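Values quoted throughout were computed directly from the atomic coordinates according to the rules given, and no laboratory measurement underlies them. Quick caveat: nothing in here was measured; it's all calculated off a predicted structure. Cβ placement follows ideal geometry from the backbone for every residue including glycine, while neighbour counts extend to all protein chains displayed.
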Amino acid sequence: MTRFALRRLDIKLLGLVVSVGAAVGLRFFSDFSFATIEHQAALASLSISRFSIANLGSLTLNSLGYQLERDWFNLTPQAPAEVIGIIVLLVVAYILLRLAVSPTVAAVIVMFGAPFIGIGATLSACMWVLARAVPAT
């Protein structure tokens, strides 16, 4: 049985993972909502009346641009739970990876992948907004 022991190096790397999780969470999820995505689409005069790859790409890039430009601490009511959730997700991923690889490699993998969680969540939310906007036939 593999025994998981936290060493000084593990604590430092875990601290880095938590820091990256907080930064990514605050950047991507501080003002993240479907209403925000719909509002940004209206401001940019993007058509969300039909689902297409072009509409999805435009809406996603516009939403990501907005997320990267706005104030980090413009928190919505659900933001604290979302930020804590991403931190917990990254810590669990680090611990699981730590069982298979060295602490440094586990931390690098988790920290490298962290921004893609925000990008993936934004892409998924944009897909949802477009899917909801399409009238049922």
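Values as computed for the structure displayed
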| quantity | calculated |
| --- | --- |
| Per-residue Cβ neighbour rank within 10 angstrom, fewest leading, L61, L13, L90 | L61, L13, L90 |
| Percentage relative contact order, the stretch 16-133, counting C-alpha pairs under 8 Å, at least six apart | 47 |
| Mean Kyte hydropathy of 1.6 or more with a Cα span along the axis of at least 27 Å, helices from DSSP in the chain | 79-100, 103-133 |
| Interatomic Cα distance distribution for the stretch 53-113, bins of 10 angstrom, percent | 19, 29, 33, 19, 1 |
| Among L43, L89, L59: highest mean-square fluctuation, GNM of the chain, C-alpha pairs under 10 Å | L43 |
| Volume per residue of the C-alpha convex hull in the chain, rounded to whole Å³ | 134 |
| Helix-only CD estimate at 222 nm, as mean residue ellipticity for the chain, using -39500 (n - 2.57) per DSSP H run (n ≥ 4) | -25500 deg cm²/dmol |
| For V101, V83, order by how many other beta-carbon atoms lie within 10 Å, fewest first | V101, V83 |
